[in-house]
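This report concerns only the one structure given below.
The values are calculated or read from the model by the stated rules, or taken from the named source; none is laboratory data. From a predicted model like this one, the values you see are computed outputs, not experimental measurements. Neighbour counts run over all protein chains shown; Cβ positions are idealised from the backbone, glycine included. Just so you know, the surface numbers come from the protein's heavy atoms only, side chains and all, with ligands and any DNA or RNA stripped out. Shrake-Rupley method; radii C 1.70, N 1.55, O 1.52, S 1.80 Å.
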Amino acid sequence: MNILIKNVDILPVDGKHDQVFNSNIYIVGDKIDYIGDNIEGKEVHRVIDGKNKLALPGLVNAHTHLGMSLLRNYTDDVPLQTWLEEKIWPIEAKMTAEDIYWGSLLSMVEMIKSGTTAFCDMYDFMGEVGRGVEEAGIRGVLTRGMVEDPNNPDKKLNEARNLYKNWHGKADGRIKVMIAPHAIYTTSSEFLLKTMDMAREFDTGLHIHLSETKIEVEDSYKAHGKSPVKYLEDLGFFDIHTIAAHCVHLDDEDINILYRHGVYPVNNPTSNLKLASGFAPIDKMLKKGIPVALGTDGPSSNNNLDMFEEINLASILNKGVNLDAVSVSALEAIEMATINGAKALGWDKEIGSIEVGKKADIILLDLDKPHFYPRHNLVSAISYSAHGSDVDTVMVDGKIIMENREIKTLDVELIKYMTEKLAKDLIRR
């Protein structure tokens, strides 16, 4: 289908134009074919009126745990290690494939509703997440999170291997699979080396939690005599495309290592604040030239998946922490949630900006709302004023999966019913 989005304002995030006013986006099949004023003679099957709307690249949530939506608001206001070891991990051990399927669908509904079109997920039963991606029409990188089991170290490695073989490239290319050791404190060096071998075998990337807390860093110095970042560098981990979630506690040497190896850190400001993990040195990394991406983390530690909240926090939080009003600009925060996220997921040649030849992963925001008036600067409006609820239309691969805030691909009421039922059953198991 050829779609024309007519008379729309655009934030292309293409490195050339901050904002484009009253233009047109012409889509042929799954790709953007033309952007501009001259639309005469183009074959159009569907016209979308872009008046009072803003087109943005679909947002990229570069670090999630989608199935954790069943644990939203289950346990809060406790330290991270207590939260994980005493609350989350014991109940996660009871979760089934059905739980993950419906919980992931609920997260996809929330992401689509708030403008996210691509994500990178680390969890269990990842084939169920793949099923959800196929049905929802969204785009996802699937990674089987692996906490090493000393009694059966190969079990999760085999699950990751099967996940790649069964799901990589599926859903018309909307699914990728990467390899995901959970963290250095839940895996041995021998296990990490095995995950690296698998990533090389499949020519894919790695996804890991890194330097999230002070305790993690302190324990790394005790165990290895070096920071988690230096430890992974010495293993050769960063010689492979790496998505490194959190990266909160970094020194200058760590930042130089990440830059030197082209690592993709993912900032998770809401989760880091809520779990009192600290403030990632985003401004330093961006100034160094590191393309920091943005993520929500899981809906149990956030507790939502609204990337517009993360854009807002990524900018204003760094200004406050650094006592610098120009630290992490509005545009840099938007880039973190779009093109930088696409780079982290290895999809920047296809998504992350609105450019001719790229996939038509586009969201339209309704600007006809009080908090968007007056429209002095649309870049500022997105970083400092926008909400997920402003998203009106969502398109992935040139297919409309939400219009007028109605999701076209999923039964939202059934998903809400099933997740409420399963969450209550899970607590009683």
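Some points to look at:
- Asp306 at positive phi, among the charged types (D, E, K, R) and within 15 Å of the chain's Cα centre (by Cα): no
- Within segment 14-25, none of the residues are under 23 Å from the mean Cα position of the chain (by Cα) and hydrophobic (A, V, I, L, M, F, W, C).
- Some residue of segment 66-85 being at negative phi, in contact with a strand residue (DSSP E or B) (Cβ under 7 Å, 6 or more places away or on another chain) and open to solvent by 60 Å² or more (accessible area, probe 1.4 Å): no
- Of note, Val44 does not satisfy the criterion of being in contact with a Gly (Cβ under 8 Å, 6 or more places away or on another chain) and not in a strand (DSSP E or B).
So that you can scan it fast, the table gives a plain yes or no per residue for (1) aromatic (Phe, Trp, Tyr); (2) at pLDDT below 95; (3) over 24 Å from the mean Cα position of the chain (by Cα); (4) not in a strand (DSSP E or B):
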site: Ile35; (1), (2), (3), (4): no, no, yes, no
site: Asn38; (1), (2), (3), (4): no, yes, yes, yes
site: Thr75; (1), (2), (3), (4): no, yes, no, yes
site: Val78; (1), (2), (3), (4): no, yes, yes, yes
site: Gln81; (1), (2), (3), (4): no, yes, no, yes
site: Leu84; (1), (2), (3), (4): no, yes, no, yes
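- In the set (1) touching a helix residue (DSSP H, G or I) at 6+ places or on another chain (Cβ under 7 Å); (2) open to solvent by 30 Å² or more (accessible area, probe 1.4 Å), the condition left unmet by Ser188 is number (1).
- Taking each residue of segment 404-429 that is farther than 17 Å from Leu66 by Cβ and looking for partners that are among the acidic types (Asp, Glu) with beta-carbon atoms closer than 8 Å, six or more apart or interchain, yields Asn404/Asp392; Arg405/Asp392.
- Taking the criterion of being assigned to a strand (DSSP E or B) and either in contact with an Asp or Glu (Cβ under 6 Å, 6 or more places away or on another chain) or over 22 Å from Ser114 (Cα atoms) (or both), the only residue of segment 7-19 that qualifies is Asn7.
- Taking (1) part of a helix (DSSP H, G or I); (2) within 20 Å of Gly103 (Cα to Cα); (3) among the β-branched types (Val, Ile, Thr); (4) open to solvent by less than 10 Å² (accessible area, probe 1.4 Å) in turn, Ile427 satisfies each apart from (4).
- Neighbours by Cβ (under 6 Å, 6+ apart or cross-chain): first from segment 146-170, of a type outside the set (Asp, Glu); second part of a loop (DSSP other than H, G, I, E, B): Met146/His182; Val147/His182; Val147/Thr186
- Residue pairs whose Cβ atoms lie under 7 Å apart, separated by 6 or more positions or on different chains, with the first residue in segment 90-114 and at pLDDT below 95 and the second surrounded by 24 or more Cβ atoms within 10 Å (Cβ to Cβ) and not polar (S, T, N, Q), are Ile91/Leu71.
- Pairs meeting the criteria (first residue in segment 178-194 and closer than 24 Å to Gly140 by Cα, second residue surrounded by fewer than 16 Cβ atoms within 10 Å (Cβ to Cβ) and β-branched (Val, Ile, Thr), beta carbons under 9 Å, at least 6 apart or on different chains) are Pro181/Val147; His182/Val147; Ala183/Val147.
- Extreme residue, farthest from Gly388 (Cα to Cα), among residues of segment 276-303 that are open to solvent by 40 Å² or more (accessible area, probe 1.4 Å) and part of a loop (DSSP other than H, G, I, E, B): Gly289
- Tally, over segment 115-130, of residues that are farther than 20 Å from Asn158 by Cβ and either surrounded by fewer than 24 Cβ atoms within 10 Å (Cβ to Cβ) or hydrophobic (A, V, I, L, M, F, W, C) (or both): 3
- Remark: Leu273 matches the filter, which requires a residue to be surrounded by fewer than 20 Cβ atoms within 10 Å (Cβ to Cβ), of a type in the set (A, V, I, L, M, F, W, C) and either modelled with pLDDT under 95 or within 22 Å of Ala333 (Cα to Cα) (or both).
- Every residue from segment 204-262 that is polar (S, T, N, Q), open to solvent by 10 Å² or more (accessible area, probe 1.4 Å) and in a loop (DSSP other than H, G, I, E, B): Thr204, Thr213
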